[in-house]
Amino acid sequence: MGDFLIYEQTDNVVMLTMNRPETRNPLTGNSAIEDIIAASARIASDPSVRVAILTSAGTAFCSGGDVKAMRRYFEEDIDPITIREEYRNGIQRLTLALFNLEVPIIAAVNGPAMGAGCDLACMCDIRIALENAIFAESFIKVGIVPGDGGAWLLPRVIGYSRAAEMAFTGDPINAHEAL
């Protein structure tokens with residue numbers, strides 16, 4: 001595992017802590033994807049694990065993708081097939097790893113969960129949020145779609161109409177609205 005994710009096990013409980021608080025725990029531009037995939041495999045191979053909790057260090061749960069790194073899709077002449085393959089071999093593998101995990105995983109959302117960070121919370125079986133948590137399907141604000149599976153996950157978590165509203169506006173909702 002890289003240095004993005006802290007893996008701690010106490011008895012039958014695994015605590016996964018995203019540990020890039022200085023950049024609000026983004027899922028791209030670091031080892032996050034590989035770390036979460038490796039942690040999922042480790043959990044799946046350990047029959048003693050009964051539950052996993054995914055949380056983060058700092059004041060944000062997850063800022064989603066590193067938008068600065070995504071600029072290259074617009075600035076460079078990258079063909080759509082290459083972009084599709086980067087998604088398939090990147091963040092979509094994280095989605096599948098968490099989705100296929102048989103051990104229940106709880107998202108302990110301790111602050112903003114933006115874009116792919118909101119989707120990351122949806123990838124978990126249960127979401128528990130602090131009062132200051134906010135959720136936003138903010139992809140529209142930067143002119144992209146939720147290529148990590150969020151367009152499929154979010155309606156299953158909150159219903160089609162509310163998911164469509166979040167995706168079409170990109171507006172955040174607070175923990176009370178999310179509840």
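The values are calculated or read from the model by the stated rules, or taken from the named source; none is laboratory data. If you're wondering where the values come from, they're calculated on a predicted model, not measured in any experiment. Because the Cβ atoms are built from the backbone with ideal geometry, glycine has one as well, and the counts that use them run over all protein chains shown.
The table below lists the values:
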| read-out | value |
| --- | --- |
| Given (1) touching a residue at least 60 places away in the same chain (Cβ under 8 Å); (2) over 27 Å from residue 9 (Cβ atoms); (3) out of contact with any strand residue (DSSP E or B) (no Cβ under 9 Å at 6 or more places or on another chain), index of the condition residue 148 fails | (2) |
| Residue 134 being in contact with a strand residue (DSSP E or B) (Cβ under 7 Å, 6 or more places away or on another chain), of a type in the set (Val, Ile, Thr) and over 24 Å from residue 35 (Cα atoms) | yes |
| Test: residue in the stretch 88-101 that is more than 17 Å from the chain's Cα centre (by Cα) and not aliphatic (A, V, I, L, M) | no |
| Hey, residue 85 outside any helix (DSSP H, G or I) and over 18 Å from residue 15 (Cα atoms) or not | no |
| Test for residue 164: is it among the small types (Gly, Ala, Ser) and closer than 18 Å to residue 36 by Cα | no |
| Any hit, the stretch 119-137, residues being within 15 Å of residue 55 (Cβ to Cβ), of a type in the set (A, V, I, L, M), in a loop (DSSP other than H, G, I, E, B) and at pLDDT 95 or above | yes |
| Breaking point among (1) surrounded by 14 or more Cβ atoms within 10 Å (Cβ to Cβ); (2) touching a residue at least 24 places away in the same chain (Cβ under 8 Å); (3) not in a helix (DSSP H, G or I), for residue 102 | (1) |
| Matching entry among 171, 148, 125 (being of a type in the set (D, E, K, R) and under 22 Å from residue 73 (Cα atoms)) | 148 |
